[in-house]
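What follows is a short report on a single structure.
The values are calculated or read from the model by the stated rules, or taken from the named source; none is laboratory data. Note that the coordinates shown come from a computational prediction; the quantities given were computed from them, not determined experimentally. Cβ placement follows ideal geometry from the backbone for every residue including glycine, while neighbour counts extend to all protein chains displayed. For the accessible areas, the whole protein counts, side chains as well, though only heavy atoms, and no ligand, DNA or RNA atoms are used. Shrake-Rupley method; radii C 1.70, N 1.55, O 1.52, S 1.80 Å.
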Amino acid sequence: MFAYIVRRLLATVPLLMIALYAVHVGISLTTDPRADFYLCLPRCQDGFDTITEAYNLDVNVWLRPFTWFASLLQGELGESSSIGEPVGEVLRSRGWNTALIAVPAFVISAVFALLLSVYSARHQYSKGDYFFTGLAFFGLAFPSFVLALIIQNVFGVQLENWFGIKPFNTGRKTGTNPLEILRDITLPVMSLSILFISADSRFGRASMLETLNQDYIRTARAKGLPERRVVWKHALRNALIPLVTLWALNFSVLLGGSVVTESIFSWPGLGPAFIRGLFDADIDLILGIVLLTGMFTVFFNLVADIMYGVLDPRIRLD
Amino acid sequence: MDEGSDFDVPEASDRSEEAVPLFSVGEVEGFSAEDAAHYASDELEGLSDAPKSFGRLAWTRFRHHRLALLGGIGLVSIVLMFIVGPMLSDYTFDQYDVADRLLGPSRDHWFGTDEIGRDLFVRTAQGGLYSLRIGLIAAVVATIAGTLLGAVAAYFGGWTDGFISQLINLLLIVPALIVLSVFSLYFGGDANRLAMVLAFLLWTRIARVVRGVVLSIKEQEYIMAARASGASHARVIFRHVLPNVIGPVVVEVTLLLGTVIVLESTLSFLGLGVQPPNASLGTLVAEAKGSIDDDPLRVLTPGMFIVLIVLCVNFLGDGLRDALDPRSRNERN
Amino acid sequence: MGYATLLTLVRGMSGTEMSEPLLKVDDMSVSFKTDAGDVRAVSNVSFEISPGEVLAVVGESGSGKSVTALALMRLHPKNTETTGQVMFDGMNLLDLPEPQIRSIRGRDIAMIFQDPMTALNPVFSVGEQIVEAIRIHNDVSKADAWAKVVDLLQLVGVPEPKQRAAQYPHEYSGGMRQRAMIAMAICNDPKLLIADEPTTALDVTVQAQVMEVLHDVQEATGSAMMLITHDLGLVAGSADRVQVMYASRLMERGSTDEIFYESRNPYTRALLASIPDLESVKDKLDSIPGNPPSLLNPPSGCAFRPRCSMSVPQCAEAVPELVAFGGNHASRCHLATEIDITTGVNA
Amino acid sequence: MSPDAAADVTAYDSGALDDIRADEPLLKVRDLVKEFPIRAGVFRRQIGQVQAVTGVSFDLYPMETLGIVGESGCGKSTLGRSLLRLLEPTSGTVTFGTEDVTAASKHRLRELRSDLQMVFQDPYASLNPRLPIRDIVGEPMQIHGVPKKEARERVGDLLQRVGLLPEHGNRYPHEFSGGQRQRIGIARSLALRPKVIVLDEPVSALDVSIQAQVLNLLDEIQTEYELSFIFIAHDLSVVRHTSDRVAVMYLGRIVETANRQDLYESPAHPYSQSLLSSVPIADPRRERSRKRILLQGDVPSPANPPSGCRFHTRCPIVQERCKQEQPKLQQIAVGHQVACHFALQPGETLLERTEQLGRGAQVASS
């Protein structure tokens, strides 16, 4: 088991490095933090040199990532130029905010998607199945920004216009008591959940249907098991196997910060920081976020594979 | 091809039933060597009028798929509206009139006007076409690249397969939107370059599907039968492998088209995609989002067009999947 | 061997005396709804099984033999309509409420399926799956059930049953899995065992082992058995009575000897004649021309008519009735009485 | 029956048979071995190999049918495919007439395939679903440069010969039943006028009543086209019906070969006897009076075959020597070879031998 984990990490870490390298070179090739200084050059030579040094701009573009890697090895992530804090600090505080909506959204979407998949698969071609499948189709067609804007407008603004009540906040306030936080997170969590439920429930339905058509389900029924037990014990455990990978992917995406939803709800998470970093050519911040999301992906994929082994005895991890 | 086969290939299973499909629809009646002529003349004719090729059969199944038909018709009407609509309008895409700013829908301006008085109907139509164009180019490029790389990986196996699979993993490791944002901000711009960036990220989906299909086709007995007849590798690939890949690829392309349109509009919404003076549905939403509280319709109209287009495309893809996937033949009742 | 022959004889005799059948299927029809219309997979089938007897249901693929078994257990797919009556223990299984039919499944009637590779759930150990079958119908502790599982596995010839019980299906070979399936089927001493092509997926030598086990347990428990198969060889060695199905209908039924030596049905006779013999060589096999009919669009009258060497104009007009020949022997053929039973493959 | 059966045989001839006499074997197989690598891990390293076929030798004579029987995993299908180099043999030779097939160049192999053909087991998987029957049957001729017009006519003739109509050429595989598809597969294999056809379980996917049709058809075309068959099957009754000589395989090796009569009436290898005794007979009286030998356990995995005689783990008359020493194929009568240290004498049954060894009780049943 331990050997397996080590081997997996050894196989994926280089991939992560290549990705970071590509992002670094890509940004370096197309931006120059000294852009403003070129116009005033002889006068502001000092400032020009300071930035050149700070960003190692005299090093060849293709070699520049290695300086970054070198400082990474010493635990240094650099300083975010757009926010003005150390990248590590930005990732920590913003990551916390992101987690505040990512974890509930993940849990809610996983649970609902699972319930809907089981329902739709058990009642295939029933009215309820058509309804939920239709809804999922509809939800899948919504770009996240359209959905978030609508939810923000309806629940954050129009409720107040129509009924004079304002149950939810449209962004992160500073409150720390649980009720405040609940008011803050409801709308972004709702937006994210709807998107993920739509995608996962269709996948889950297909997986569940395939499992319910297997011979061993017929065997379970022939034993005299109640349908509830056939579905929740015999079918679900098999149907979960492909879903686990999907969830791992979802969770790492959510934890990496959803750029669109967080921006729309003015949520001080990783997403808006990333966008700002992009426009300001804040290379250290971008790399920090790519590193973080990449690590999440690697980690949760590993978790998914271990879960595989737990769920399916045919898979041996060694 | 043979060198690559590992030990799960060869032994024939000893099944001895399942000879006649239980409910084959176009079943031909029986023949023995002796009285074939007699049988065929009266039994065969009544059952099916024309030989049913795979394509024909798929088309029949597709026609019976109501959602798919709806998707197809919807998509065609939206595109027609986008093309014909602006011709009927008195306004053009970038003609502005500050006196007419922020008008609501009227007979003159069907969807109203924006902050500098441009006609929103014409802008929506043009933006929609622009979105579709990017989506199509990206989907086509991703499909060609994905099909080639996926087929090559599966057909040759070994190190080629390993390399391409790792490339796919690489693109999976960092979330798509993050990479896309970086690349489209710095390499994007006009429609073609944005489409290339999108395609660069999305070819992996096609490649994975094609790789899987080719791997399973490679093991089919008809491939071995063709080789037993003396067919060359080229003949096997072009006559026996690729035609059987087309179905799954077509399905995947339609689904991909939906994804591309959503991704493009998202990027454009974030300001990372289409740049002014061009507009796509995503930028139209972004332009209007500031005034959403006073005038939600201006956000909803382009937003809903994205939803409608993607919905139609997905319906189409779903129908094609049912029509082209032989396994789903008897599933519906 | 003598013992078995004796048993068959005893059963054959007692069969006539026994008045109360265990299972009585009356005029059962099963149809599937498909895109292309309704498909009748079983048409007006009636039969009985007496306690302790082995009834073989024989037919080619698509003849409706497996559907019959699934339908009387109500395990068929959803888009199915079943009519008729299936009496078991004084109850009609076809309109029993769901909880009651469930309490019969696995306890009074148990099934063994064709493909042991797919019929066991891959994610639970073999022991767990049998324990579940025991505990769903009996109020016993897990430990007691587990002990019984070990005994059962021993009984069906799984070596080292204690260790094997904790293993997963993928760690079993094909033959061992089918033994485990048998253990699961007999764990509640069912009155009726339905074996649906129990050896089709197995190699010949393993097939012989599994049939042997099946027989031993059937005799040991005194269960009746409905053996569904396409293999007439299997039937010859193990059935008391046989019924032959073709294109959804029962074509002929009778004692094993009546079917093999005195068949009064052209289909049965042609089927027997088309089997290559292991112990002698013929120049040319007597093949049946044509193909089994499409159930979607069955021929008028007798379904076998287009392939039958004896057909007369009458065959196209009406579906023949079952003609009885004393005892349990009956044949569905207009010409049943005219068939010369002294000629034939085995006679 | 077919008017042109003998007329243009030479048109597609590879020429490999020009110099052999009629009583010489058409196909000589010597020490054929086919190994498959077992790979594992991220880098797909080879961690071992499966010997699917181990040192198989036999001859096939003109117009003869050689049956190859065995249980799943015994390597019979792999053997069939290796003969035609559809799987590249690991070692050994296959000589067709005067020519070494295993050494032939790719180009020459293609020519040779006009003489060596194959019919596959699965009538659903062996026909490309996208092509009309006309193209499926005509493809070999297209590849080997038969003029289009002639090819079209011959496709019609071939379809008619296998019991279909020329008009069926326009139809697609899914419109046919299993038996009809198998006829189409046979028509395809006949297209180039081959000398040898390897039939890989040609009827095992078919219903009994259809089986007989196809077997009769095969019988007819063999005489008509003067073909030699290698008939691979697991069904011993079918093999008895079709074959002149029979080879029994177990875990990659031939354990016994004999002509049909000898093999079925006095099998000398304990495996052959138990295999025969396992087959149920469709005759209740004979079945009741039969004594059956039950082998213990399943066939071992070919990835890890037993030492010595590969059958020793299941053999009811196993001796110490069998575990150490691998028996060679030895002649025990004319044309009858067996690979067993303790082969059964003519007329001796396995049951008698086990009783002699005091093991009778464990193996016999009725």
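Only one residue in C:VAL206, C:VAL235, C:VAL213, C:VAL217 is within 14 Å of chain B (Cβ to nearest Cβ), under 22 Å from C:VAL54 (Cα atoms), of a type in the set (A, V, I, L, M, F, W, C) and part of a helix (DSSP H, G or I). Which one?
Of the residues listed, the single one that is within 14 Å of chain B (Cβ to nearest Cβ), under 22 Å from C:VAL54 (Cα atoms), of a type in the set (A, V, I, L, M, F, W, C) and part of a helix (DSSP H, G or I) is C:VAL206.
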**Message:** Restricting to segment A:276-291, count the residues that are surrounded by fewer than 22 Cβ atoms within 10 Å (Cβ to Cβ) and under 16 Å from A:ASN97 (Cβ atoms).
**Reply:** 1
**Asked** Got a number for residues in segment C:293-347 being modelled with pLDDT of 90 or more, within 30 Å of D:ARG286 (Cα to Cα) and of a type in the set (D, E, K, R)?
**Response** 2
**Prompt:** If we scan segment D:287-308, do we find a residue that is modelled with pLDDT of 85 or more, surrounded by fewer than 17 Cβ atoms within 10 Å (Cβ to Cβ) and touching a Phe, Trp or Tyr at 6+ places or on another chain (Cβ under 7 Å)?
**Reply:** no
**From C:SER46, C:SER50, C:SER66, residue being under 24 Å from C:GLU219 (Cα atoms), away from every other protein chain (no Cβ under 12 Å) and of a type in the set (S, T, N, Q)** = C:SER50
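Out of segment A:267-282, which residues are out of contact with any Ser or Thr (no Cβ under 7 Å at 6 or more places or on another chain) and either assigned to a helix (DSSP H, G or I) or within 12 Å of chain B (Cβ to nearest Cβ) (or both)? Step through it out loud before you land on a result.
Filtering segment A:267-282 for residues out of contact with any Ser or Thr (no Cβ under 7 Å at 6 or more places or on another chain) gives A:267-268, A:273-274, A:279.
A:ALA273, A:PHE274, A:PHE279 - these are the residues of segment A:267-282 that are out of contact with any Ser or Thr (no Cβ under 7 Å at 6 or more places or on another chain) and either assigned to a helix (DSSP H, G or I) or within 12 Å of chain B (Cβ to nearest Cβ) (or both).
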**Request:** Being part of a loop (DSSP other than H, G, I, E, B) and without any contact (Cβ under 8 Å) to a residue 24 or more places away in the chain is the filter; apply it to segment D:315-334 and report the residue that is least open to solvent (accessible area, probe 1.4 Å).
**Result:** D:PRO327
**Lone unmet requirement of (1) surrounded by fewer than 20 Cβ atoms within 10 Å (Cβ to Cβ); (2) more than 14 Å from chain A (Cβ to nearest Cβ); (3) of a type outside the set (D, E, K, R); (4) not in a helix (DSSP H, G or I) for B:ALA279** = (1)
**Request:** Among the residues of segment C:24-58, write down those that are open to solvent by less than 10 Å² (accessible area, probe 1.4 Å) and closer than 18 Å to C:ILE112 by Cβ.
**Result:** C:ILE49, C:VAL54, C:LEU55, C:ALA56, C:VAL57, C:VAL58
**Request:** Being open to solvent by 30 Å² or more (accessible area, probe 1.4 Å) and over 30 Å from A:GLY269 (Cα atoms) narrows it down to one of A:ALA239, A:ALA222, A:ALA206, so name that one.
**Result:** A:ALA206
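Taking the conditions exactly as written (surrounded by fewer than 22 Cβ atoms within 10 Å (Cβ to Cβ) and either at pLDDT 95 or above or closer than 27 Å to D:LYS195 by Cβ (or both)), does D:GLU226 satisfy them or not?
Values: surrounded by fewer than 22 Cβ atoms within 10 Å (Cβ to Cβ): yes; either at pLDDT 95 or above or closer than 27 Å to D:LYS195 by Cβ (or both): yes.
Yes, satisfied.
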**Fill in**
Output for Cβ contacts, cut-off 6 Å, separation at least six or different chains, first residue under 11 Å from A:SER80 (Cα atoms) in segment A:266-283, second modelled with pLDDT of 85 or more and open to solvent by 10 Å² or more (accessible area, probe 1.4 Å), reads A:ALA273/A:ARG94
**Item:** Among the candidates C:ARG253, C:ARG264, C:ARG249, C:ARG269, residue that is in contact (Cβ under 8 Å) with a residue 24 or more places away in the chain, within 27 Å of D:VAL239 (Cα to Cα) and open to solvent by 20 Å² or more (accessible area, probe 1.4 Å)
**Value:** C:ARG269
**Request:** Identify the residue in segment D:255-289 that is more than 7 Å from chain C (Cβ to nearest Cβ) and assigned to a loop (DSSP other than H, G, I, E, B) and, among all such residues, is farthest from D:GLY347 (Cα to Cα).
**Result:** D:SER289
**Message:** Residues to consider are B:GLY162, B:GLY158; find the one that is open to solvent by 60 Å² or more (accessible area, probe 1.4 Å), within 14 Å of another protein chain (Cβ to nearest Cβ) and of a type outside the set (A, V, I, L, M).
**Reply:** B:GLY158
**Request:** Note down all Cβ pairs under 6 Å where the first residue falls in segment A:7-35 and is facing chain B (nearest Cβ under 9 Å) and assigned to a helix (DSSP H, G or I), the second is of a type in the set (Lys, Arg) and surrounded by 15 or more Cβ atoms within 10 Å (Cβ to Cβ), and they're at least six residues apart or on different chains.
**Result:** none
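Could you check, for segment B:179-189, whether at least one of its residues is away from chain A (no Cβ under 14 Å), open to solvent by 20 Å² or more (accessible area, probe 1.4 Å) and not in a helix (DSSP H, G or I)?
Kept after step one, since they are away from chain A (no Cβ under 14 Å), are these residues of segment B:179-189: none.
No, every residue in segment B:179-189 fails to be away from chain A (no Cβ under 14 Å), open to solvent by 20 Å² or more (accessible area, probe 1.4 Å) and not in a helix (DSSP H, G or I).
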**Request:** Quick one: which strands (runs of 3 or more DSSP E) lie wholly within segment D:59-163 and hold at least 2 residues that are more than 10 Å from every other protein chain (Cβ to nearest Cβ)?
**Result:** D:65-69, D:91-96
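Run down D:ALA191, D:ALA205, D:ALA151 and say which single residue is small (Gly, Ala, Ser), crowded, with 24+ Cβ neighbours inside 10 Å, at pLDDT 90 or above and not assigned by TED's automatic domain parsing to the domain that holds D:ILE281. Steps first, please.
Details: D:ALA205 fails: at pLDDT 90 or above; D:ALA151 fails: crowded, with 24+ Cβ neighbours inside 10 Å.
None of the other options fit; the residue is D:ALA191.
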